[in-house]
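Enquirer: One structure, as structure tokens, below. Some questions next.
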Amino acid sequence: YAQMKDLVPMPSIYYPDFIAANQSDRANNVLSGSKKENLDTLMQNIRDFKANNDLDKVIVLWTANTERFSEIQEGVNDTADNL
């Protein structure tokens, strides 16, 4: 905790169609604009972070712990093989 307590996350993307409905109130650090603008901003933020910290590589981790609800559709997502 001591090493991370002062870190502030960069704004990110929030698209309600892809996030569990109960997470909307927590989405308070998000980018505005079109999907293309969001993508361009994210890519630039990663490039800037890499350059500003003199890094050779950047690893991005997806850390969400919920997925949106999806109806089970026969032949689409009803078995592991169909996924």
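The values are calculated or read from the model by the stated rules, or taken from the named source; none is laboratory data. This structure is a prediction, so every number in the text was calculated from the model and none was measured. Here the Cβ positions follow ideal geometry from the backbone for every residue, glycine too, while neighbour counts run over all protein chains shown. When the accessible area is computed, the model is the full protein with side chains, heavy atoms only, and any ligands, DNA or RNA have been set aside. Shrake-Rupley method; radii C 1.70, N 1.55, O 1.52, S 1.80 Å.
Enquirer: DSSP loop (so not H, G, I, E, B), at most 15 other Cβ within 10 Å: list which chymotrypsin sites (Phe, Trp or Tyr not before Pro) in the range 1-51 pass both filters. Each step should come with its number before you reach the end.
Expert: Values: sites: Y1, Y14, F18, F49; in loops: Y1, Y14.
Passing sites in the range 1-51 are Y1.
Enquirer: Can you give the convex hull volume per residue for the Cα atoms of the chain, as a whole number of Å³?
Expert: Numbers: hull volume 14.3 nm³, N = 83.
Each residue corresponds to 173 Å³ of Cα convex hull volume.
Enquirer: Moving on to the next point. Which whole-number value in Å² is the accessible area per residue of the range 19-68, probe 1.4 Å? Mind showing how you got there, number by number?
Expert: Values: 4430 Å² over 50 residues.
That works out to 89 Å² for each residue.
Enquirer: How high is the relative contact order of the chain? Use alpha-carbon pairs under 8 Å, at least six apart in sequence, and give a whole percent. Intermediate values should be presented prior to the final figure.
Expert: Working: 37 pairs, mean separation 23.9, N = 83.
Relative CO of the chain lands at 29 percent.
Enquirer: Angle between the Cα long axis of helix 35-52 and the longest principal axis of the chain, 0 to 90 degrees, nearest 10?
Expert: 40
Enquirer: How large is the helix-only mean residue ellipticity at 222 nm for the chain, computed as the sum of -39500 (n - 2.57) over DSSP H runs with n ≥ 4, divided by its residue count, in deg cm²/dmol to the nearest 500? Don't skip to the answer; put the middle values down first.
Expert: Working: 1 runs with 18 residues, N = 83.
The per-residue figure over the chain is -7500 deg cm²/dmol.
Enquirer: Loop-only check: which GluC sites (Glu not before Pro) in the chain are DSSP coil with at most 14 other Cβ within 10 angstrom? Mind showing how you got there, number by number?
Expert: Working: sites: E37, E67, E71, E74; in loops: E67, E71, E74.
Passing sites in the chain are E67, E71, E74.
Enquirer: Sticking with this structure for a sec: Which longest run of the chain has no exposed loop site in it, a site being trypsin sites (Lys or Arg not before Pro) in a DSSP loop with at most 10 other beta carbons within 10 Å, and the site itself not part of the run? Mind dumping the intermediate values first?
Expert: Values: sites that count: K5, K57.
That gives 6-56 as the longest site-free run.
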